[in-house]
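Visitor: First the structure, then my questions, so here it is.
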Amino acid sequence: MTIEKSQSSSPTIFPESRLAHQLLDGLDGLEIGPAAHNPFGLKTRNVGLGSDRNAFDYEFFKQAQLEMCGRFSQIDISADAAHVPLPDNSVDFVLHSHVWEHLPNALVALEEWIRLIKPGGYLFVIVPKRDAALSDKGRPLTAIASLIEIHKKERRTGSLPPSETGSGRGHYTIFSPHLLREIAGWYNEAHRHAALAEIIFQETDDKVGNGHTIVWRVKKYPFLAVLARSFRRLLGFSPSEPRTA
(Lines give C-alpha, C1' and ligand atoms only; values in the text may rest on other atoms or scores of the structure.)
Protein backbone atom coordinates (compact mmCIF):
# COMPACT_ATOMS: atom_id res chain seq x y z
CA MET A 1 0.00 0.00 0.00
CA THR A 2 1.53 3.31 -1.08
CA ILE A 3 0.80 6.31 1.10
CA GLU A 4 1.48 10.02 1.16
CA LYS A 5 2.23 11.69 4.48
CA SER A 6 0.95 14.85 6.08
CA GLN A 7 0.64 16.13 9.64
CA SER A 8 -1.92 14.81 12.14
CA SER A 9 -1.93 15.81 15.81
CA SER A 10 -3.46 12.56 17.10
CA PRO A 11 -3.25 9.84 14.45
CA THR A 12 -5.80 7.03 14.55
CA ILE A 13 -4.89 3.74 12.87
CA PHE A 14 -7.05 0.68 13.38
CA PRO A 15 -5.42 -2.73 13.93
CA GLU A 16 -5.02 -5.20 11.10
CA SER A 17 -7.30 -8.22 10.91
CA ARG A 18 -5.78 -11.47 12.13
CA LEU A 19 -8.40 -13.37 10.17
CA ALA A 20 -7.44 -11.62 6.94
CA HIS A 21 -3.79 -12.47 7.51
CA GLN A 22 -4.60 -16.11 8.27
CA LEU A 23 -6.50 -16.51 5.01
CA LEU A 24 -4.83 -14.10 2.61
CA ASP A 25 -1.13 -13.76 3.46
CA GLY A 26 0.99 -14.67 0.44
CA LEU A 27 -1.86 -14.12 -2.04
CA ASP A 28 -2.35 -11.34 -4.61
CA GLY A 29 -5.58 -9.40 -4.36
CA LEU A 30 -7.51 -6.18 -4.71
CA GLU A 31 -8.67 -3.87 -1.96
CA ILE A 32 -11.73 -1.84 -2.89
CA GLY A 33 -11.86 1.61 -1.32
CA PRO A 34 -8.66 1.51 0.78
CA ALA A 35 -8.06 3.83 3.73
CA ALA A 36 -4.72 4.57 5.39
CA HIS A 37 -6.28 4.57 8.87
CA ASN A 38 -7.83 1.14 8.26
CA PRO A 39 -4.94 -0.91 6.78
CA PHE A 40 -4.87 -4.66 6.16
CA GLY A 41 -1.14 -5.10 5.50
CA LEU A 42 -1.74 -7.50 2.61
CA LYS A 43 -0.40 -7.73 -0.93
CA THR A 44 -3.07 -5.77 -2.78
CA ARG A 45 -3.65 -3.24 -5.50
CA ASN A 46 -5.96 -0.44 -4.43
CA VAL A 47 -9.12 0.19 -6.44
CA GLY A 48 -11.10 3.40 -6.09
CA LEU A 49 -12.27 6.56 -7.80
CA GLY A 50 -9.12 8.57 -8.42
CA SER A 51 -9.04 12.31 -8.97
CA ASP A 52 -9.45 11.66 -12.71
CA ARG A 53 -12.79 9.91 -12.11
CA ASN A 54 -14.36 11.93 -9.30
CA ALA A 55 -12.17 14.77 -8.08
CA PHE A 56 -14.70 15.96 -5.47
CA ASP A 57 -15.14 12.62 -3.68
CA TYR A 58 -11.46 11.76 -4.08
CA GLU A 59 -10.46 14.95 -2.26
CA PHE A 60 -13.11 14.38 0.41
CA PHE A 61 -11.83 10.90 1.27
CA LYS A 62 -8.20 12.01 0.99
CA GLN A 63 -8.75 14.78 3.53
CA ALA A 64 -10.69 12.45 5.83
CA GLN A 65 -7.71 10.05 5.90
CA LEU A 66 -5.24 12.87 6.50
CA GLU A 67 -7.30 14.08 9.45
CA MET A 68 -7.49 10.55 10.88
CA CYS A 69 -3.86 9.50 10.62
CA GLY A 70 -1.82 12.05 8.69
CA ARG A 71 -1.55 10.03 5.49
CA PHE A 72 -3.70 8.63 2.72
CA SER A 73 -3.80 5.55 0.49
CA GLN A 74 -2.86 5.95 -3.14
CA ILE A 75 -5.18 4.51 -5.78
CA ASP A 76 -3.47 1.96 -8.03
CA ILE A 77 -6.47 1.32 -10.29
CA SER A 78 -8.77 4.30 -10.78
CA ALA A 79 -12.12 2.66 -11.49
CA ASP A 80 -15.65 2.22 -10.29
CA ALA A 81 -15.88 -0.64 -7.79
CA ALA A 82 -18.40 -2.39 -10.04
CA HIS A 83 -16.37 -1.97 -13.25
CA VAL A 84 -12.72 -2.87 -12.71
CA PRO A 85 -10.62 -3.03 -15.91
CA LEU A 86 -8.93 -6.35 -15.22
CA PRO A 87 -9.32 -9.79 -16.86
CA ASP A 88 -11.54 -12.57 -15.56
CA ASN A 89 -9.97 -14.81 -12.89
CA SER A 90 -7.02 -12.47 -12.38
CA VAL A 91 -6.77 -12.12 -8.57
CA ASP A 92 -6.68 -14.46 -5.58
CA PHE A 93 -9.06 -12.34 -3.53
CA VAL A 94 -11.12 -9.16 -3.35
CA LEU A 95 -11.24 -7.40 0.00
CA HIS A 96 -13.13 -4.40 1.33
CA SER A 97 -14.14 -2.91 4.66
CA HIS A 98 -17.04 -0.47 5.12
CA VAL A 99 -17.28 0.07 1.37
CA TRP A 100 -20.12 -2.09 0.01
CA GLU A 101 -22.81 0.04 1.67
CA HIS A 102 -21.61 3.07 -0.32
CA LEU A 103 -22.27 1.42 -3.71
CA PRO A 104 -25.63 2.13 -5.38
CA ASN A 105 -25.93 -1.32 -6.94
CA ALA A 106 -24.64 -3.92 -4.49
CA LEU A 107 -25.41 -6.93 -6.68
CA VAL A 108 -23.74 -5.66 -9.86
CA ALA A 109 -20.63 -4.96 -7.78
CA LEU A 110 -20.77 -8.47 -6.36
CA GLU A 111 -20.93 -9.95 -9.86
CA GLU A 112 -17.89 -7.93 -10.86
CA TRP A 113 -15.81 -9.04 -7.87
CA ILE A 114 -16.64 -12.68 -8.48
CA ARG A 115 -15.68 -12.27 -12.14
CA LEU A 116 -12.23 -11.07 -11.06
CA ILE A 117 -11.54 -13.79 -8.47
CA LYS A 118 -9.78 -16.98 -9.51
CA PRO A 119 -11.53 -20.31 -8.90
CA GLY A 120 -11.11 -21.15 -5.24
CA GLY A 121 -10.28 -17.55 -4.33
CA TYR A 122 -11.80 -15.45 -1.58
CA LEU A 123 -14.22 -12.58 -1.21
CA PHE A 124 -13.49 -10.96 2.18
CA VAL A 125 -16.13 -8.47 3.28
CA ILE A 126 -16.66 -6.25 6.33
CA VAL A 127 -19.92 -4.28 6.48
CA PRO A 128 -21.08 -1.99 9.28
CA LYS A 129 -23.42 -3.23 11.97
CA ARG A 130 -26.97 -1.96 11.97
CA ASP A 131 -26.34 1.21 13.98
CA ALA A 132 -22.62 1.71 13.40
CA ALA A 133 -23.35 5.00 11.63
CA LEU A 134 -25.57 7.63 13.23
CA SER A 135 -27.04 8.41 9.82
CA ASP A 136 -28.41 4.85 9.58
CA LYS A 137 -30.34 4.91 12.84
CA GLY A 138 -34.05 4.88 12.18
CA ARG A 139 -33.62 3.58 8.64
CA PRO A 140 -35.07 0.14 7.87
CA LEU A 141 -32.81 -2.78 7.07
CA THR A 142 -32.43 -3.25 3.33
CA ALA A 143 -34.52 -6.03 1.84
CA ILE A 144 -33.07 -8.40 -0.74
CA ALA A 145 -36.05 -7.66 -2.99
CA SER A 146 -35.05 -4.01 -3.25
CA LEU A 147 -31.46 -4.93 -4.21
CA ILE A 148 -32.75 -7.32 -6.88
CA GLU A 149 -35.04 -4.62 -8.29
CA ILE A 150 -32.16 -2.12 -8.53
CA HIS A 151 -30.04 -4.81 -10.19
CA LYS A 152 -32.76 -5.55 -12.75
CA LYS A 153 -33.22 -1.85 -13.56
CA GLU A 154 -29.53 -1.27 -14.19
CA ARG A 155 -29.18 -4.42 -16.30
CA ARG A 156 -32.27 -3.43 -18.28
CA THR A 157 -31.57 0.28 -18.80
CA GLY A 158 -27.81 0.54 -18.38
CA SER A 159 -28.16 3.17 -15.66
CA LEU A 160 -29.44 3.53 -12.12
CA PRO A 161 -32.79 5.22 -11.44
CA PRO A 162 -32.53 8.77 -10.00
CA SER A 163 -33.29 7.62 -6.45
CA GLU A 164 -30.20 5.39 -6.51
CA THR A 165 -27.71 7.97 -7.76
CA GLY A 166 -25.63 10.38 -5.72
CA SER A 167 -22.42 10.76 -3.77
CA GLY A 168 -20.62 7.67 -2.53
CA ARG A 169 -20.38 9.26 0.91
CA GLY A 170 -23.87 8.06 1.84
CA HIS A 171 -25.05 4.54 2.66
CA TYR A 172 -27.31 2.93 0.09
CA THR A 173 -27.59 -0.43 1.85
CA ILE A 174 -28.26 -1.20 5.53
CA PHE A 175 -26.75 -4.66 5.94
CA SER A 176 -27.58 -7.45 8.34
CA PRO A 177 -26.17 -10.98 8.63
CA HIS A 178 -29.44 -12.28 7.20
CA LEU A 179 -29.14 -10.00 4.16
CA LEU A 180 -25.56 -11.10 3.52
CA ARG A 181 -26.70 -14.71 3.36
CA GLU A 182 -29.68 -13.82 1.20
CA ILE A 183 -27.33 -12.09 -1.23
CA ALA A 184 -25.21 -15.25 -1.51
CA GLY A 185 -28.38 -17.30 -1.99
CA TRP A 186 -29.54 -14.96 -4.75
CA TYR A 187 -26.18 -15.18 -6.50
CA ASN A 188 -26.04 -18.96 -6.34
CA GLU A 189 -29.59 -19.28 -7.62
CA ALA A 190 -29.22 -16.75 -10.43
CA HIS A 191 -25.83 -17.79 -11.80
CA ARG A 192 -24.66 -21.13 -13.12
CA HIS A 193 -21.00 -20.38 -13.84
CA ALA A 194 -19.97 -19.63 -10.24
CA ALA A 195 -21.13 -19.92 -6.65
CA LEU A 196 -20.35 -18.51 -3.21
CA ALA A 197 -19.60 -20.79 -0.27
CA GLU A 198 -19.53 -19.14 3.15
CA ILE A 199 -16.49 -20.30 5.11
CA ILE A 200 -16.28 -17.82 8.01
CA PHE A 201 -18.60 -15.32 9.68
CA GLN A 202 -17.71 -12.96 12.51
CA GLU A 203 -20.63 -11.33 14.29
CA THR A 204 -18.15 -8.64 15.35
CA ASP A 205 -15.21 -8.08 13.03
CA ASP A 206 -11.71 -8.44 14.44
CA LYS A 207 -10.55 -5.14 12.97
CA VAL A 208 -12.47 -1.99 13.94
CA GLY A 209 -15.11 -3.92 15.89
CA ASN A 210 -18.22 -2.17 14.57
CA GLY A 211 -19.04 -4.45 11.67
CA HIS A 212 -19.78 -7.99 10.53
CA THR A 213 -17.17 -10.00 8.63
CA ILE A 214 -18.16 -12.62 6.09
CA VAL A 215 -15.75 -14.59 3.92
CA TRP A 216 -16.88 -16.52 0.87
CA ARG A 217 -14.90 -19.02 -1.19
CA VAL A 218 -15.60 -18.58 -4.88
CA LYS A 219 -16.36 -21.72 -6.82
CA LYS A 220 -16.37 -21.61 -10.62
CA TYR A 221 -17.62 -24.04 -13.23
CA PRO A 222 -15.85 -23.34 -16.55
CA PHE A 223 -17.65 -26.00 -18.60
CA LEU A 224 -21.08 -24.70 -17.60
CA ALA A 225 -19.90 -21.15 -18.22
CA VAL A 226 -18.96 -22.02 -21.81
CA LEU A 227 -22.35 -23.63 -22.37
CA ALA A 228 -24.09 -20.63 -20.83
CA ARG A 229 -22.27 -18.14 -23.06
CA SER A 230 -23.00 -20.20 -26.16
CA PHE A 231 -26.67 -20.44 -25.24
CA ARG A 232 -26.92 -16.69 -24.68
CA ARG A 233 -25.26 -15.99 -28.03
CA LEU A 234 -27.91 -18.13 -29.71
CA LEU A 235 -30.57 -16.05 -27.98
CA GLY A 236 -28.95 -12.82 -29.11
CA PHE A 237 -27.58 -11.66 -25.75
CA SER A 238 -24.15 -10.09 -25.39
CA PRO A 239 -21.60 -12.70 -24.29
CA SER A 240 -20.27 -10.18 -21.74
CA GLU A 241 -23.51 -10.23 -19.77
CA PRO A 242 -23.65 -12.50 -16.73
CA ARG A 243 -25.57 -15.71 -17.17
CA THR A 244 -28.68 -15.40 -15.01
CA ALA A 245 -31.60 -17.75 -14.53
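Visitor: If you check Ser159 against the conditions, is it modelled with pLDDT under 85, surrounded by fewer than 12 Cβ atoms within 10 Å (Cβ to Cβ) and outside any helix (DSSP H, G or I)?
Guide: In short, yes.
Visitor: So which of Ser73, Ser17 ends up being of a type in the set (Ser, Thr, Tyr) and modelled with pLDDT of 95 or more?
Guide: Ser17
Visitor: Could you grab me the full set of residues in segment 165-180 that are more than 17 Å from the chain's Cα centre (by Cα) and either at pLDDT 95 or above or not in a loop (DSSP other than H, G, I, E, B) (or both)?
Guide: Matches in segment 165-180: His178 only.
Visitor: Also, quick follow-up: Report yes if Ser6 is more than 18 Å from Leu123 (Cα to Cα) and modelled with pLDDT of 95 or more, otherwise no.
Guide: Here the answer is no, as Ser6 does not meet what is asked.
Visitor: Any residue in segment 87-98 that is in contact (Cβ under 8 Å) with a residue 12 or more places away in the chain sitting within a Cβ distance under 7 Å of a residue that is open to solvent by 50 Å² or more (accessible area, probe 1.4 Å) and assigned to a strand (DSSP E or B)? List the pairs, counting only those 6 or more apart or interchain.
Guide: Asn89/Lys118; Asn89/Pro119; Val91/Lys118; Asp92/Lys118
Visitor: Collect the residues in segment 38-52 that are modelled with pLDDT under 95, within 18 Å of the chain's Cα centre (by Cα) and open to solvent by 20 Å² or more (accessible area, probe 1.4 Å), keeping them in residue-number order.
Guide: Leu49
Visitor: Something else about it: Taking the condition crowded, with 19+ Cβ neighbours inside 10 Å, out of contact with any His (no Cβ under 8 Å at 6 or more places or on another chain) and either of a type outside the set (Gly, Ala, Ser) or farther than 24 Å from Asn38 by Cβ (or both), does Leu95 pass?
Guide: yes
For every residue, the table says whether it meets (1) in a loop (DSSP other than H, G, I, E, B); (2) surrounded by 17 or more Cβ atoms within 10 Å (Cβ to Cβ); (3) at pLDDT below 90.
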site	(1), (2), (3)
Gly26	yes, no, no
Glu31	no, yes, no
Pro34	yes, yes, no
Lys62	no, yes, no
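Visitor: Test Leu147 against the stated conditions and say whether it is over 30 Å from Leu23 (Cα atoms) and modelled with pLDDT of 70 or more.
Guide: No: the conditions fail for Leu147.
Visitor: If you go through segment 90-110 one residue at a time, do you hit one that is assigned to a loop (DSSP other than H, G, I, E, B), farther than 25 Å from Ile144 by Cβ and either among the small types (Gly, Ala, Ser) or out of contact with any Cys (no Cβ under 9 Å at 6 or more places or on another chain) (or both)?
Guide: Yes, because at least one residue in segment 90-110 is assigned to a loop (DSSP other than H, G, I, E, B), farther than 25 Å from Ile144 by Cβ and either among the small types (Gly, Ala, Ser) or out of contact with any Cys (no Cβ under 9 Å at 6 or more places or on another chain) (or both).
Visitor: Restricting attention to segment 104-116, which residues are open to solvent by 10 Å² or more (accessible area, probe 1.4 Å) and either at pLDDT 95 or above or within 8 Å of the chain's Cα centre (by Cα) (or both)?
Guide: Glu111, Glu112, Arg115
Visitor: Please go through segment 64-78 and give me each residue that is surrounded by 19 or more Cβ atoms within 10 Å (Cβ to Cβ) and in a loop (DSSP other than H, G, I, E, B), ordered by number.
Guide: If the condition is that a residue be surrounded by 19 or more Cβ atoms within 10 Å (Cβ to Cβ) and in a loop (DSSP other than H, G, I, E, B), then Gly70, Ile75 are the ones that fit.
The values are calculated or read from the model by the stated rules, or taken from the named source; none is laboratory data. Worth saying up front: this structure is predicted, and the values here are computed from it rather than measured. Ideal geometry is used to build each Cβ from the backbone, glycine not excepted, and the neighbour counts take in all protein chains shown. In case anyone asks, the SASA skips ligands and DNA or RNA and just uses the protein heavy atoms, side chains included. Shrake-Rupley method; radii C 1.70, N 1.55, O 1.52, S 1.80 Å.
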